[in-house]
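In what follows, a structure is listed as structure tokens, so that the remarks can point back to it.
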């Protein structure tokens with residue numbers, strides 16, 4: 001098995017790392033504290049110009065067409081500098097990919113280039129509802145056909161980038177008489193349309209620069225052409241795209257964990273206690289060794305899942321394994337980083353405090369890690385029959 005990156009993949013990684021270090025890292029703490037929307041949006045625009053909003057999207061739709069492995073590498077590098085930016089890039093790529101996968105040619109030509117180019121600063125994945133988080137099949141937002149229009153009513157919550165998304169992929173019930181999860185369809189809804197309201201941003205523990213909002217649909221009318229893919233087949237689409245999104249979130253967590261560990265190592269080499277550098281103590285060495293090993297294992301799991309996806313092979317179990325392991329390994333790495341810095345790790349003077357807050361959500365969104373365990377176990381048991 002060849003673990004070497006291709007020349008193109010290495011170039012994507014290097015470009016992402018250089019941009020993240022030059023443009024994102026110097027302002028990440030300020031964005032976390034002040035949430036400057038203008039600065040955040042400017043960085044998204046620069047990323048779009050680099051081709052980062054459609055990494056795994058075909059070039060004839062304006063994407064970079066570099067594959068799922070390159071996508072994972074890029075998200076990791078962006079997250080090492082700014083997790084809030086990384087989640088916006090990850091979700092926007094996921095929206096592009098779902099349109100590419102099931103959208104009509106007209107829908108693809110209309111919307112994907114606008115997202116990839118930065119004309120739309122971001123895109124939103126509107127699935128989660130107040131009563132339908134882990135149980136996505138329980139959504140209640142409805143879409144009723146009225147002549148040549150669909151009328152949407154309902155509420156979505158925790159929608160990343162909703163304030164500045166140019167477009168939402170929205171899931172709604174189109175056949176309320178169908179069995180649970182069987183009567184759901186997928187729609188493309190531009191932001192700003194009458195009947196769509198973006199609520200206030202949530203006040204979050206971490207990843208503060210990225211907006212997370214409620215989105216309300218009140219007699220929101222969209223043309224019949226807004227339906228994407230087969231009618232009543234939307235739940236299968238959602239679960240399939242979430243599997244790909246888990247590679248993105250696992251990669252994001254990996255980047256945060258790497259940043260925390262790298263900072264803690266440099267601190268441990270410089271900081272002295274008992275007339276010795278912290279790095280000379282076995283307790284510190286073991287924390288470094290454990291975190292480095294776990295993050296390397298996470299990287300390999302993510303690369304395997306991305307490789308399978310890129311080559312058109314089943315990857316859902318591997319994506320769940322990678323997301324589950326990478327997010328928990330990254331949380332432990334951030335915990336260890338705070339511990340190595342001691343009291344200073346608990347202050348805003350050093351970035352590990354921010355990393356610790358930013359990483360916490362990664363084991364929750366795109367499917368909690370408890371749900372990932374269920375997915376993994378079901379797939380293993382089904383294969384064993």
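The values are calculated or read from the model by the stated rules, or taken from the named source; none is laboratory data. In this text, all values refer to a predicted model and were calculated from it rather than measured experimentally. For neighbour counting, all protein chains shown are included, and Cβ atoms are generated from backbone atoms with ideal geometry for every residue, glycine included.
Restricting attention to segment 4-22, the residues that are in a helix (DSSP H, G or I), free of Cβ contacts under 8 Å to residues at least 60 places away in the same chain and surrounded by fewer than 18 Cβ atoms within 10 Å (Cβ to Cβ) add up to 7.
Might you let me know whether segment 338-345 holds any residue that is outside the structural domain of residue 135 (by TED's automatic domain parsing), modelled with pLDDT of 95 or more, under 26 Å from residue 158 (Cα atoms) and buried (at least 21 other Cβ atoms within 10 Å of the Cβ)? No, segment 338-345 contains no residue that is outside the structural domain of residue 135 (by TED's automatic domain parsing), modelled with pLDDT of 95 or more, under 26 Å from residue 158 (Cα atoms) and buried (at least 21 other Cβ atoms within 10 Å of the Cβ). If the condition is being surrounded by 11 or more Cβ atoms within 10 Å (Cβ to Cβ) and assigned to a helix (DSSP H, G or I), then segment 268-288 contributes 268, 269, 278, 279, 280, 284, 285, 286, 287, 288. Return yes when residue 337 is under 13 Å from residue 245 (Cα atoms) and part of a helix (DSSP H, G or I) and no when it is not. No.
Please determine whether any residue of segment 248-267 is modelled with pLDDT of 95 or more and not in a helix (DSSP H, G or I). No. Just give me the residues in segment 300-315 being within 16 Å of the chain's Cα centre (by Cα) and either assigned by TED's automatic domain parsing to the domain that holds residue 76 or under 18 Å from residue 369 (Cβ atoms) (or both), in sequence order. Residues satisfying the conditions are 302, 305.
Only one of the numbered conditions (1) in the same structural domain as residue 189 (by TED's automatic domain parsing); (2) buried (at least 20 other Cβ atoms within 10 Å of the Cβ); (3) under 30 Å from residue 42 (Cα atoms) is not met by residue 90, and that is (1). Quick check: anything in segment 301-311 more than 21 Å from residue 4 (Cβ to Cβ) and either touching a residue at least 12 places away in the same chain (Cβ under 8 Å) or buried (at least 22 other Cβ atoms within 10 Å of the Cβ) (or both)? No, segment 301-311 contains no residue that is more than 21 Å from residue 4 (Cβ to Cβ) and either touching a residue at least 12 places away in the same chain (Cβ under 8 Å) or buried (at least 22 other Cβ atoms within 10 Å of the Cβ) (or both). Determine whether residue 215 is touching a residue at least 60 places away in the same chain (Cβ under 8 Å), touching a helix residue (DSSP H, G or I) at 6+ places or on another chain (Cβ under 6 Å) and crowded, with 20+ Cβ neighbours inside 10 Å. So residue 215 does not fit the description; no.
Considering each residue of segment 39-46 in turn, none proves to be farther than 23 Å from residue 165 by Cβ and either in a helix (DSSP H, G or I) or outside the structural domain of residue 113 (by TED's automatic domain parsing) (or both).
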